[in-house]
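Participant: Sending over a structure as structure tokens; questions will come in a sec.
The values are calculated or read from the model by the stated rules, or taken from the named source; none is laboratory data. Everything quoted here is computed from the prediction, not taken from an experiment. Here the Cβ positions follow ideal geometry from the backbone for every residue, glycine too, while neighbour counts run over all protein chains shown. All accessible areas refer to the heavy atoms of the entire protein, side chains included, with ligands and DNA or RNA removed. Shrake-Rupley method; radii C 1.70, N 1.55, O 1.52, S 1.80 Å.
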Amino acid sequence: MKNLALLVTSIIFSLFLCEIGLRLFTPFPISEASNKTDDPVLGYRLSTHLEDVDQHGFRNAPKDTYDIAALGDSHTYGNNVSSDQTWPSLLGKMTGMEVYNFGVGSYGLYTYHAILKTLVKPAVKGVIIGLFPANDLEIRRFCLINLSAGVFWNNELNLIEPKLLSDEFYNKYCSKNKKKIKIMSLLAKNIYNNSALINATNILVLVKLKNNLQRSKYYYFDDQVIPVKKKDTRIHSIKTDLQNPEVNFMYDIFVKFTESWASWSREHNTKLGILFIPSKERVVYEYFKRKNKIDSLDTNFTREVEKQIIRII
């Protein structure tokens, strides 16, 4: 019994040391709550406690001036790459200009609009908006913004689409069904979000193990092309199909936003560009199309990809 107690104590002490070590030397625990700070107009910004995040809540080295503003979501932020490998950073190296990265994961049309109108410096030489149609045309991105925060959104949406200001619209797409949360579920969630050890184990081990075990949930290709999740392909297809009334509605919103952005650029004598970022499956599709090997692809994959918007004019 004494040996058992000693063993349990040793295990607990070792786990405690692992927890402390992860907190001191790694970014764990990683959760939405720890990575974000609320913003009344944008919805949120990045936490300034994160590495490579400046005092304004964006992924940049501290800088007071810049030549080009890069707006976008996680593709612009640079998920899974270091800050010097993001496309805004690489653009700066190629042009010799200072590029400020306004990209944050889950941003969309509304936040791009707000950043352009409220944060981009008037003297900037150019603005590039990295548009990822596979989720930027998702209607629920609207729920990120806070309509009750000041007059900015009320003024802007009255000009762009007054329907968005209605309680009926907001409740339809943004209100969540309030369900009673069991105490144990809430406790488990809090432990996951606040334990670096559990959080790291899940992200680094369990998620990867789960993905490896679910081979049937991927499309596989020739030429050593990386596999693509079937779920992602299907969701992206739905979110970019103009036959979908919600996507078509958001397309109209996008057109109105671009008209407003063009007016802003003329007013400030600033060049404005929109970078259309394709989905992973679209890149794979185009690769095999150029090789005249479309017939080698799964017909379900081809059908889903061909629904996706490739460009918007």
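Participant: With a cut-off of at most 11 other beta carbons within 10 Å, and DSSP calling the residue loop, which chymotrypsin sites (Phe, Trp or Tyr not before Pro) in the range 218-284 qualify? Please list them.
Facilitator: Working: sites: TYR218, TYR219, TYR220, PHE221, PHE249, TYR251, PHE254, PHE257, TRP261, TRP264, PHE276; in loops: TYR220, PHE221.
Here the chymotrypsin sites (Phe, Trp or Tyr not before Pro) that fit, given the DSSP loop and packing criteria, are TYR220.
Participant: Ranked by accessible surface with a 1.4 Å probe, highest first, in what order do ILE68, ILE238, ILE20 come?
Facilitator: Highest to lowest solvent-accessible surface, that is ILE238, ILE20, ILE68.
Participant: How large is ³J(HN,Hα), in whole Hz, for each residue of the range 48-64 in order, when computed from phi with the Karplus curve 6.51 cos²θ - 1.76 cosθ + 1.60 and θ = phi - 60°, using x for Gly and Pro?
Facilitator: Each residue of the range 48-64 in turn: 6, 7, 6, 5, 6, 9, 7, 5, 9, x, 10, 7, 8, 6, x, 8, 8 Hz.
Participant: Using only the heavy atoms of the protein chains and a 1.4 Å probe, how would SER279, SER296 rank by accessible area, largest first?
Facilitator: SER296, SER279
Participant: Also, I was wondering about something else. For a quick check of understanding: with a 1.4 angstrom probe and all protein chains in place, what accessible area in square angstrom does ARG303 have, to the nearest ten?
Facilitator: In the full protein context, ARG303 sits at about 120 Å².
Participant: While we're looking at this one, here's another question. Which of the aspartates and glutamates could be linked to LYS231 by a straight reach, that is with a Cα gap under 13 Å, when you skip same-chain ones fewer than 8 residues away?
Facilitator: GLU281, GLU304
Participant: Report the gain in length on full extension from SER263 to ASP67: 0.36 nm times residue separation, minus Cα-Cα distance, nm rounded to one decimal.
Facilitator: The SER263-ASP67 span can extend by a further 68.6 nm.
Participant: Okay, next question. Please give the contour-minus-distance gain from ASP54 to SER74: 0.36 nm per residue of separation, less the Cα-Cα distance, rounded to one decimal in nm.
Facilitator: Going from the current span to full extension adds 5.5 nm.
Participant: Moving on to the next point. Taking the simple approach of a point 7 Å from Cα along Cα-to-Cβ for both SER216 and ARG234, what is their distance in nm?
Facilitator: For SER216 paired with ARG234, the spin-label model returns 1.3 nm.
Participant: With a cut-off of at most 16 other beta carbons within 10 Å, and DSSP calling the residue loop, which GluC sites (Glu not before Pro) in the range 247-283 qualify? Please list them. Let's see the in-between values first.
Facilitator: Working: sites: GLU259, GLU267, GLU281; in loops: none.
In loop regions of the range 247-283 (DSSP not H, G, I, E or B), there are no sparsely surrounded GluC sites (Glu not before Pro).
Participant: Also, quick follow-up: Kindly report, to the nearest 10 Å², the accessible surface of LYS117 as traced by a 1.4 Å probe over protein heavy atoms only.
Facilitator: It works out to around 70 Å².
Participant: Given a 1.4 Å probe and the protein chains all in place, what does the accessible area of LYS121 round to, in Å² to the nearest 10?
Facilitator: Answer for LYS121: close to 90 Å² accessible.
Participant: Also, I was wondering about something else. Given labels modelled 7 Å from the Cα in the Cβ direction, how far is it in nm from CYS174 to LEU90?
Facilitator: 3.6
Participant: Just to make sure I understand: if all protein chains stay in place, what is the order of MET97, MET250 by accessible area at 1.4 Å, largest first?
Facilitator: MET97, MET250
Participant: Under the 0.36 nm per residue contour assumption, what length would be gained going from the current alpha-carbon distance of LYS307 and VAL81 to full extension?
Facilitator: Details: separation 226, 0.36 × 226 = 81.36 nm, distance 2.93 nm.
Result: 78.4 nm gained on full extension.
Participant: Which distance in nm do the two modelled labels at MET97 and ASN146 give, with both placed 7 Å along the Cα-to-Cβ direction?
Facilitator: Output for this residue pair reads 3.3 nm.
Participant: Ignoring ligands, DNA and RNA, what accessible area per residue does the range 83-146 give at 1.4 Å, in Å²?
Facilitator: Values: 2210 Å² over 64 residues.
Per-residue accessible area for the range 83-146 comes out at 34 Å².
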